[in-house]
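Below is one structure, written out as structure tokens; comments come after it.
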2 protein chains.
Amino acid sequence: MSKPFIDQLTAAVKAKKNPVLVGLDPRLNQLPSEIRNAFPVDTPQGQADAFEAFCRGVIDAVAPLVPVVKPQAAFFEELGPAGMFALAKVISYAQEKGLLVILDGKRNDIGSTAQAYARGMLGRGQSPWNADALTVSPYLGDDSLTPFIDAAVERNAGIFVLVKTSNPGGAMLQDLKTESGETIYRKVAAFVEGAALKTATESGYGAVGAVVGATWPAQLEELRTAMPHTWFLVPGFGSQGGTAADVAGAFDENGLGAVVNNSRGILFAYQKAPYAERFGEAQWQAACEAAVQDMIAQLAAETPAGRL
Amino acid sequence: MSKPFIDQLTAAVKAKKNPVLVGLDPRLNQLPSEIRNAFPVDTPQGQADAFEAFCRGVIDAVAPLVPVVKPQAAFFEELGPAGMFALAKVISYAQEKGLLVILDGKRNDIGSTAQAYARGMLGRGQSPWNADALTVSPYLGDDSLTPFIDAAVERNAGIFVLVKTSNPGGAMLQDLKTESGETIYRKVAAFVEGAALKTATESGYGAVGAVVGATWPAQLEELRTAMPHTWFLVPGFGSQGGTAADVAGAFDENGLGAVVNNSRGILFAYQKAPYAERFGEAQWQAACEAAVQDMIAQLAAETPAGRL
């Protein structure tokens, strides 16, 4: 693709008029029976085939509605190599259907090893995995992030660095205060914002984004102010407790600057009220679609995303 | 396997009388021409086949000498799904040859996603990847580490949590001091040691180990004292500048408690003095073997590993 990832993301969010990111987290025991019965799911290959078929079905349902999806590497990697082939096929299928793809791998390592991850994963049509963007973990520090940033810039791709994660235990390190009174997550945020500023396009945002959980509304506001060039990937909406009102602070005044992830709440909507009653298991794709539409409406009503 | 990983590791280090961990980091441009010419390395599948053949050759050379190997996931993942199949085959081959396998993936995520990684990767004969142990990153905090610890205990496997990494940039977060004057790496170390203590076997060591770089000799000593139940995985020896004397502090008084990784210095010994002259490219396996024997001798001369 010819444009920087962040410009593609901005354009896609504007075109679809919403910031919903659908997380592709297939879980065997929650797959609709139609899918489970179509494959020998007692083998890794059968389970990988079922995951691929399910994700294709989700993509078919949501591609007309949302700008971007986020396959979770762990659920595919859990199946061994067969799962990794399915992951690659899901990424390609999503892109064929016009979606951007953020691969959620939370990878990191040092020096030439970080380069290997970055070269392997980042860049549509330029890497075996073809991800448009990748999530990256920061514990190894600045020289471990630089290879990902460089590859992202070179290949018109993006990265999202973990800053303030949605889980309660994230506080163990991220909320520690340093001698200067600043939290660890603000230290990471400062590095990320610096890298975002250096790589910013005319959109105002850079190739380096941040993961900031929907479960921390005050920190979302704090970091939105502190990180004006950094696009946020916001997990924790729905199943983890984050609401539309909680994520309002993640956006800029134009409703840009954040995508809000929902995985289980969309993928397995057919199992939950009110969708279970309206659609039932056979219409699981219609349930996905309705759950996306409701999330779009909630964000439009309660956040600046309503201005999109 | 019937014994906890840490007991298997202790037994293997005692049986081989050395703590050398051979890192399996295949790099295309450094493969011996014998291997490069045998496969169509301009395709991901050809390159994956070359990586597998090379790693099998390394394993053949080092299996009689060392207790454990560490495949680096990034170099296989760089090749896409084909690389992941090669990784699985390399893990199995190393185990067939009597080696323990620590998969270096530096994985982590939250809750059920962390469980998916742990279930997929940990446990020989009990997971698609069959790793005896896995490296794990701690930025996401305690509740992200617990699923890995639980799976390790349940399956007689192990994990090594990043504490103080070998790269200079590791200092960015790890060396920050909190308000109480303690470094971040000591905060992680305290959690790891607590988990190691809870899972300790009669060996005195637990299912949870720590990654501490050879490039920080003072911190190796400091952490050895602070973490008496924690086995160390020590990267950074050789190419990154760590010497045998630098890693002396990693061991307990019996020469146990640490494995010291060397990747490039062994794998590509045939390209470097004095092995290049003695062996040349055609005898690259003999060069690996000689480099391992020299490292064993250096550690025996300058560290408590000499008591093994």
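Rule-based calculations on the coordinates, nothing more; no lab input. None of these values were measured; they are calculated from a predicted model. So basically every Cβ, Gly included, is an ideal-geometry build from the backbone, and we count neighbours across all protein chains shown.
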Query raised in the report: If the viscosity is 1.306 mPa s and the temperature 10 °C, what Stokes-Einstein diffusion coefficient in µm²/s follows for segment B:5-301 when Rh is the Kirkwood radius over Cα pairs?
Result: 83 µm²/s
Report task. Note down the nm distance, to one decimal, between modelled labels 7 Å out along Cα→Cβ at B:Ala286 and at A:Asp252. Result -> 6.4 nm
**Report entry** With eigenvalues of the C-alpha gyration tensor scaled by 5 and rooted, the protein assembly as shown, Å
**Finding:** 40, 26, 23
Report task. Put a label point 7 Å from Cα along the Cβ direction on A:Ala190, then list its distances to the equivalent points in the other copies in nm, shortest first. Result -> 2.3
Query raised in the report: If R0 is 51 Å, what FRET efficiency do you get for B:Ala301 and A:Asp150 from their C-beta distance, rounded to 0.05?
Result: 0.80
Query raised in the report: Past the 23 Å Cα-Cα mark, which pairs from A:Lys89/B:Lys70; B:Lys3/B:Lys187; A:Lys89/A:Lys272; A:Lys17/A:Lys187; A:Lys16/A:Lys198; A:Lys164/B:Lys187?
Result: A:Lys89/B:Lys70; B:Lys3/B:Lys187; A:Lys89/A:Lys272; A:Lys17/A:Lys187; A:Lys16/A:Lys198
Report summary line: Diffing segment B:190-197: the Karplus 3J(HN,Hα) column from phi (6.51, -1.76, 1.60, θ = phi - 60°), in whole Hz with x for Gly and Pro, holds 5, 5, 5, 4, x, 6, 5, 4
Report summary line: Checking segment B:245-308 for trypsin sites (Lys or Arg not before Pro) in a loop per DSSP with at most 16 other beta-carbon atoms within 10 Å yields B:Lys272
Query - A:Arg56 paired with A:Glu182, simple spin-label distance in nm, labels 7 Å along Cα-to-beta-carbon - result: 4.9 nm
Report summary line: Label model pair B:Asp143, A:Leu28: point-to-point distance (7 angstrom along the Cα→beta-carbon line) in nm is 2.6 nm
Query raised in the report: Roughly how tilted is helix B:44-62, in degrees to the nearest 10 and between 0 and 90, from the longest Cα axis of chain B?
Result: 80 degrees
Query raised in the report: Once every DSSP H run of n ≥ 4 in the protein assembly as shown is given -39500 (n - 2.57) and the sum is divided by its residues, what mean residue ellipticity at 222 nm do you get, rounded to the nearest 500 deg cm²/dmol?
Result: -13000 deg cm²/dmol
Report task. May I ask for the angle, rounded to the nearest 10°, between helix A:81-96 and the longest principal axis of chain A, with both axes built from Cα atoms and the value confined to 0 to 90°? Result -> 80 degrees
Query raised in the report: When only C-alpha pairs under 8 Å and at least 6 residues apart count, what is the relative contact order of segment B:5-301, in percent?
Result: 17 percent
Report task. Run through the other copies and list how far each one's label point is from that of B:Glu179, in nm with one decimal, shortest first; the point sits 7 Å from Cα along Cα-Cβ. Result -> 1.6
Query raised in the report: If the label for A:Gly280 sits 7 angstrom from Cα along the Cα-to-Cβ line, what are its distances to the same label in every other copy, in nm to one decimal, shortest first?
Result: 7.7
Query raised in the report: Using alpha carbons only, how many degrees (0 to 90, rounded to 10) separate the axis of helix A:217-226 from the longest principal axis of chain A?
Result: 50 degrees
